[in-house]
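First the structure, in the form of C-alpha cells, and then the observations on it.
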There are 2 protein chains.
Amino acid sequence: MVQESRKKEILKILDEHESLSVQELEYRFKVSQMTIRRDLTDLETQGYLIRKYGGAVKSEAVDSLFSFNKRLEENGRQKEKICRIASSFIEDDDVIFIDCGTTLFRLSHYIQNKTRLRVITNSLPVVSELINYSNINITFIGGDVVGDRKASYGDTAERLIGEYHADKAFIGADGVSLSKGLSSYDEKEARITRKMAENADKVFLLCDSSKIEKNSFYRFAPVSLINVLITERKISGEETSRYRDNDISIITNTEEE
Amino acid sequence: MVQESRKKEILKILDEHESLSVQELEYRFKVSQMTIRRDLTDLETQGYLIRKYGGAVKSEAVDSLFSFNKRLEENGRQKEKICRIASSFIEDDDVIFIDCGTTLFRLSHYIQNKTRLRVITNSLPVVSELINYSNINITFIGGDVVGDRKASYGDTAERLIGEYHADKAFIGADGVSLSKGLSSYDEKEARITRKMAENADKVFLLCDSSKIEKNSFYRFAPVSLINVLITERKISGEETSRYRDNDISIITNTEEE
DNA sequence: TACGCAATGATCGATTATGATCGATTCAAT
DNA sequence: ATTGAATCGATCATAATCGATCATTGCGTA
C-alpha cells in the first residue's frame with residue numbers, strides 16, 4: 001500500500017470515529033507502531049489531526065480543510081439568504097472590502113455579475129471564487145497566511161488595509177450586542193475586521209440571528225462601527241428600534257429600513 | 001502494448017482505486033519499474049495524477065484552491081528535474097522568495113518536508129500548495145491579483161517585497177543570455193522577479209535549457225543579478241566557463257560548479 | 001541495409017520508508 | 001506521591017523505491 005493512501009485511510013477512520021489509537025491502526029494496517037506514529041506526526045504537521053497520548057483526535061481545522069463545503073452546510077440556507085440581501089447593496093463600480101469567514105465567502109457567489117467591481121480582501125477562498133471573472137478586480141491583502149483560516153493576517157495586513165479606502169465593507173463577527181458591541185473569538189481576525197470597517201464609508205455586518213445579542217470573548221469594536229446589520233430573520237420590533245436609535249439599520253429579507 | 005494505451009489503462013485503474021503502486025503496475029503490464037515510473041511522471045506533468053513514494057494517487061484527491069492547468073504544459077519532465085535540483089539548495093530555517101510561474105510552482109512540491117521554512121511569494125498556487133503545512137510559514141505578497149497568472153502584481157506588491165529580505169530567491173525568466181541578461185515577455189512579472197532577486201542574499205534562476213542564450217522582449221536585469229543557474233541538462237563546456245567567468249554557477253543534475 | 005529516434009530495460013548510488021531497540025515520559029491506579 | 005505499564009521519540013539498521021545514466025530494442029525511413 002502506498003504510504004499516502006494509508007494516511008488518507010487514517011483520516012477516513014478518524015472522520016467516522018472521534019479518536020483513534022496507535023494500537024488499532026497498527027493492527028488495521030499491519031505495520032509497526034513506529035510507522036503509525038510517524039504517519040500521525042505528519043498528519044498533525046499538516047493540520048489534519050491532533051496527536052494525543054496513545055493516538056490522535058480530530059482537529060478543529062479538519063472541517064475547513066477537508067471540506068470547506070461541509071461547514072458551509074450548517075446554517076447554509078440562512079447564510080445564503082443573508083448574502084443575497086447583502087449583494088443587493090453592491091452596485092457597479094463599487095470598491096468593497098470583504099472580510100474572511102464562511103459567511104463572507106458565500107457573498108462572493110452573488111457578486112459575480114456586477115460590473116467593474118473592485119474587491120479588496122484577505123480571504124483566499126474569496127479570491128479563488130472571483131479570480132476568473134474579468135469584470136472584477138481583486139486586490140489581495142498580503143501578510144502572514146494562516147492555514148486553517150485560509151487568509152492572511154498580521155501587522156502588514158492591517159497596515160495595507162489602512163492604505164485603501166472602500167465604498168463599502170462587508171464584515172463578520174462572532175457576536176454583536178448593543179451594550180458590548182462586536183466581539184470575536186479570534187483577536188487577529190477581529191483586528192482585520194475592524195480595520196476594514198474603519199476604512200470604508202459604509203459598513204455592513206453579515207450575521208446570522210444566532211449571533212445577535214451574544215458576546216464572544218474578544219470585544220473589538222462598539223456597535224456604532226457598523227451602519228447596517230444584515231441577518232436572516234426578523235428581530236423583535238423593540239430590538240429593531242433600539243438598534244435604529246443607534247443609527248443602525250437592520251435588514252432582513254427584502255424589506256429595507 | 002503501446003505506451004499510449006498503457007497510460008490510458010493506468011488512468012482507468014486509478015479511476016477505480018484510490019491509489020496504485022508501481023509494483024502492481026509492473027506486474028500488471030509486465031514491464032520494468034523504470035517504464036512505469038516514466039509513465040507516472042508523464043501522467044503527473046499532464047495533471048492526471050500525483051506521484052507519491054511507491055506509486056501515485058488521484059489528482060482530484062488534493063484539495064487546492066488554485067491549480068494550474070498542467071495539461072497544456074510542455075517540458076514537464078525537465079521542470080521536475082530542475083525543481084528537484086533547486087530544492088536541494090533549500091535548508092531548514094531558510095527564508096526564501098518564490099517567484100510565480102509554472103516552473104516555480106513545481107518547486108513547492110519539493111519543499112514540504114523542510115522544517116521552519118518561511119516562504120515569501122506572490123503566487124497563489126504556491127500558497128495553496130503549502131498552506132496545509134504547519135512547518136512552513138507563508139507570507140503572501142499582496143497587490144493586484146491577475147487572474148490568468150494567479151499571482152499579484154503592481155506597485156504595492158513591489159513595495160512589499162522591498163520590505164522583506166530573504167536568504168535565497170528562486171526566480172524564473174523567459175530568456176537568459178550572457179550578453180543581454182535576463183528577459184521576460186511580461187514587464188510586470190519581470191519587475192517582481194527583479195525585486196525578489198534584489199532582496200535576497202543568493203539568487204537561483206530556474207530555467208529549462210530551451211531558454212538559455214535566448215532573449216525575450218523585455219530585458220529586466222543583467223546576468224550578474226543571479227548567482228546560480230539551474231537547468232536540466234549540460235550546457236557546453238565553453239558556455240559553462242563563460243558563465244563561471246561572471247561568477248555564476250551552472251548546476252545540472254547533482255554535480256556542482 | 002544503414003541510420004536515427006523513441007521507448008524500454010538494466011544498473012547503481014542516493015533517498016526514503018520502515019522496523020527494532022531502548023531510555024525517557026506519561027498515565028492511571030493505588 | 002509512588003509505582004508499573006503503556007507509550008513516546010530518538011536512533012540505527014534494513015528494505016524499498018527513487019532518479020540518472022547508459023545499453024538495448026524496435027521501428028520507420030532514407
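Here are a few things to note about the model shown:
- Shortest first, A:Asn113 label-point distances to identical copies amount to 5.0 nm, with the label point at 7 Å from Cα along Cα→Cβ.
- In segment A:70-252, the C-alpha radius of gyration followed by the widest Cα-Cα span (Dmax) gives 15.2, 45 angstrom.
- Estimated purely from DSSP H runs of n ≥ 4, each contributing -39500 (n - 2.57), the mean residue ellipticity at 222 nm for the protein assembly as shown is -11000 deg cm²/dmol once divided by its residues.
- Between the amide H of A:Phe89 and any residue lying 5 or more places away or on another chain, no distance stays under 5 Å, with hydrogens modeled in the peptide plane.
- Database remark: amide H of A:Arg219 closer than 5 angstrom to the amide H of A:Ser184 (H placed geometrically; neighbours at sequence offset of 5 or more, or on other chains; Pro and chain starts carry no H).
- Contact order, relative form, for segment B:142-257: 23 percent (alpha carbon pairs under 8 Å, 6 or more residues apart, mean separation divided by residue count).
- For segment B:187-235, the normalised intensity computed at q = 0.14, 0.21, 0.31 Å⁻¹ comes to -0.36, -0.82, -1.34 (log10 of I(q)/I(0), Debye sum over alpha carbons, equal scatterers, no solvent).
- Hits among lysines - C-alpha to C-alpha of A:Lys168 under 28 Å, sequence gap 8 or more where chains match: A:Lys79, A:Lys81, A:Lys114, A:Lys150, A:Lys180, A:Lys188, A:Lys195, A:Lys202, A:Lys211, A:Lys214, A:Lys234, B:Lys150
- Ranked by how many other Cβ atoms sit within 10 Å of their own Cβ, fewest first, the residues A:Thr103, A:Thr193 fall in the order A:Thr103, A:Thr193.
- Per-copy distances of the B:Tyr53 label point, shortest first, in nm (7 angstrom along Cα→Cβ): 3.0
- Taking B:Ile50, B:Ile192 and counting other C-beta atoms within 10 Å, the order from fewest to most: B:Ile50, B:Ile192
- Each of A:Tyr53 and A:His109 was given a label point 7 Å from its Cα along the Cα-to-Cβ line. The distance between the two points is 4.5 nm.
- Close amide H contacts of B:Lys52 (hydrogens built in the peptide plane, cut-off under 5 Å, sequence separation of 5 or more or a different chain): B:Val57.
- Gap separating the Cα centres of segment B:175-241 and segment A:1-40, nearest whole Å: 46 Å
- Ranked for footprinting exposure by Cβ neighbours inside 10 Å, fewest first, A:Ile251, B:Ile10 give A:Ile251, B:Ile10.
- Relative contact order for chain A, counting Cα pairs under 8 Å that sit 6 or more residues apart, in percent: 14 percent
- Each Lys or Arg adds one and each Asp or Glu takes one away; over the other residues whose Cβ falls under 13 Å from the Cβ of B:Ala166, this sums to -4.
- Within a Gaussian network of chain B (alpha carbon springs, distance under 10 Å), most fluctuating of B:Gly54, B:Gly142, B:Gly175: B:Gly54
- GNM top mover of A:Glu213, A:Glu239, A:Glu163 - chain A, alpha-carbon springs below 10 Å: A:Glu163
- 13 Å tail of the calculated P(r), segment B:3-58, as % of Cα pairs: 52 percent
- With label points set 7 Å from Cα along Cα→Cβ, the inter-copy distances at A:Phe29 are 2.7 nm, sorted shortest first.
- Mean-square fluctuations from a GNM of chain A, with a 10 angstrom spring cutoff on Cα atoms, peak among A:Glu198, A:Glu44, A:Glu18 at A:Glu18.
Since every read-out is calculated from the coordinates, none of them should be taken as a lab result. Keep in mind the model is a prediction, meaning the values are calculated, not measured. In this analysis, Cβ positions are derived from the backbone assuming ideal geometry, glycine residues included, and neighbour counts consider all displayed protein chains.
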